[in-house]
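The values are calculated or read from the model by the stated rules, or taken from the named source; none is laboratory data. These figures come from a predicted structure and were not determined experimentally. Cβ sites come from the backbone with ideal geometry, for glycine too, and all protein chains shown count toward neighbours.
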Amino acid sequence: MDAEHLEYFKAALEGRASVGWNVWFAANQQALAQQLSRPALLRLKFSKLDEAERLLAQTGIVPRSTAGKRYEMYCAEFAADVVDANGRPLPALWRAAHGGAIGLLADGEREAGQAKLLAEFRRVRKRGLQQAHEWLADLCFEGEMELTSGNAEVGRSLLAVVVQAGSGHDLLDATAMIARELLERHG
């Protein structure tokens, strides 16, 4: 495999890539098809950065583990119609997430954005504890990604909602504790 492909894998897994996985793979798929067996190419296409990490390990390259890696893996899961030319989430879709709460938070309207998120949590909570747990865990992940790789203020606000909504029940408290630790660690 070309060194430039391995360099991209390493950069992506360290959160330093200038373009996301899907954009890079689309641009390099033909070259990879000439260098890899069909099964290896398909593993790379569908397992994405997990397979890239395995291929790097086979060559003795171990990327540094960073929050950027999780962000790249997160972005790699998006469909092509919701990302920009660099493979990052489209700003309009990002702002519209959670009924527009993200846009409110990004505009500095913290109270309004958090109120919208808490109302969404209450609706999810009515469907059951398991759904509430999954929703909080997803919001916690979004908050961590924003805090470490995106808009830090939005990330802090998302994590604050997780802390507030998750307190008071054993299943939800664990996620609230994770959010609290992230807020303490990243100020």
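Hey, any hits in segment 102-125 for a residue that's surrounded by 13 or more Cβ atoms within 10 Å (Cβ to Cβ) and in contact (Cβ under 8 Å) with a residue 60 or more places away in the chain? Within segment 102-125 (the criterion being surrounded by 13 or more Cβ atoms within 10 Å (Cβ to Cβ) and in contact (Cβ under 8 Å) with a residue 60 or more places away in the chain), the answer is no, since none of the residues qualifies. Filter segment 174-187 down to the residues that are in a helix (DSSP H, G or I) and at pLDDT below 90 and list them by number. Residue satisfying the conditions is His186 alone. Restricting attention to segment 15-44, the residues being more than 26 Å from the chain's Cα centre (by Cα), of a type in the set (S, T, N, Q) and more than 13 Å from Asp2 (Cβ to Cβ) number 1.
Contact annotation: residue pairs with Cβ atoms under 8 Å, 6 or more positions apart or on different chains, pairing a residue in segment 160-187 that is free of Cβ contacts under 8 Å to residues at least 40 places away in the same chain with a partner that is in a loop (DSSP other than H, G, I, E, B), are Asp173/Ser167. Listed residues Val163, Val154, Val124; which is touching a Lys or Arg at 6+ places or on another chain (Cβ under 6 Å) and assigned to a helix (DSSP H, G or I)? Exactly one residue qualifies, and that residue is Val163.
In the set Lys48, Lys10, only one residue is over 15 Å from Ser149 (Cβ atoms) and touching a Pro at 6+ places or on another chain (Cβ under 6 Å); that residue is Lys10.
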